[in-house]
Amino acid sequence: MNKRILLLSLSFFLSSAIAHEVKLDGIVNLQASASVEVETDTMLASIAVEGENYDPSALADEINKTMSWALKTAAPFKTVKVKGGQYTSHQLYNNRIFKAWRGTQTITLESKDSKQLGKLIGLLQKRLLIKSLRYQVSNEKLAVTKQLLTKQAIATFKSQAKTVIEELGKNKYIIHQISINSNNQRLPVHYAKSRMLSSSMSDEAAPANLQQSSSTIQVNINGSIRIIN
């Protein structure tokens, strides 16, 4: 009895394996895409407090005071989101002799209002270091754009499928498999020269360094259809 069950199980396994190896006829691979260049609408600035001190407690206190000042300075700017960063520190050595502790804490400023963000940066750079400035498309705008591009890419995919079956003298097809993905071009991070913007920059001049740019958003479709006779 056990031998019979074993043989039946083996027969079922072999039949399944053979079935998986069977190649379907009438499979056609297709690719379609849609892309658009959109203006970035969100600016981000990474600003840091850095310091050195032989006493780690004194160093932390110094950085905390500067960061507290920065947060109070940013508070009136309601259109600017402030995201706090972690405090990190490490030891500095000179010829293997302990020199001091070095600490860093970074905050990120995010806003769609370039004028207000630029003004705030002009104030904060008096005591903080500008690490980087970058521009990106907001999540809201990105979602809407990808939705429209997906519809366009699907329409192109369907048009290609229709052309294929018509040219081959067929009437119908079914989707065999399909995958949709998007890839918006990442803009390079613009690092501030010498870790600071121009030392002579006034509050009014700051926004000039936050000009909008553009980003290419693309939706790709890879799939295959099966032609039905």
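The values are calculated or read from the model by the stated rules, or taken from the named source; none is laboratory data. The shown structure was predicted, so the numbers you read here are calculated from the model rather than taken from an experiment. Cβ sites come from the backbone with ideal geometry, for glycine too, and all protein chains shown count toward neighbours.
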Original post:
Taking the stretch 146-175 on its own, how many of its residues are under 16 Å from Ile221 (Cβ atoms) and in a helix (DSSP H, G or I)?
Top reply: 19
**OP:** Just give me the residues in the stretch 100-130 being under 29 Å from Ala60 (Cβ atoms), part of a loop (DSSP other than H, G, I, E, B) and in contact with a strand residue (DSSP E or B) (Cβ under 9 Å, 6 or more places away or on another chain), in sequence order.
**Re:** Gln125, Arg127, Leu128
**OP:** Look through the stretch 131-145, keep the residues that are outside any helix (DSSP H, G or I) and small (Gly, Ala, Ser), and return whichever of them is farthest from Ile217 (Cα to Cα).
**Re:** Ser132
Original post:
Does the stretch 181-203 contain any residue that is buried (at least 16 other Cβ atoms within 10 Å of the Cβ), modelled with pLDDT under 95 and assigned to a strand (DSSP E or B)?
Top reply: yes
Original post:
Do we find a residue being farther than 15 Å from Ala45 by Cα, in contact with a Phe, Trp or Tyr (Cβ under 7 Å, 6 or more places away or on another chain) and either touching a residue at least 12 places away in the same chain (Cβ under 8 Å) or among the basic types (Lys, Arg) (or both) anywhere in the stretch 136-158?
Top reply: no
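Can you pull out the residues in the stretch 54-98 that are aliphatic (A, V, I, L, M) and surrounded by fewer than 16 Cβ atoms within 10 Å (Cβ to Cβ)?
Once the filter is applied, which keeps residues that are aliphatic (A, V, I, L, M) and surrounded by fewer than 16 Cβ atoms within 10 Å (Cβ to Cβ), the stretch 54-98 yields Ala58, Leu71, Ala75, Leu92, Ile97.
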Original post:
Can you find a residue in the stretch 126-144 that is over 30 Å from Ser35 (Cα atoms), buried (at least 20 other Cβ atoms within 10 Å of the Cβ) and not charged (D, E, K, R)?
Top reply: yes
Original post:
In the stretch 111-161, what residues are closer than 21 Å to Ser214 by Cα, in contact with a helix residue (DSSP H, G or I) (Cβ under 7 Å, 6 or more places away or on another chain) and basic (Lys, Arg)?
Top reply: Lys115
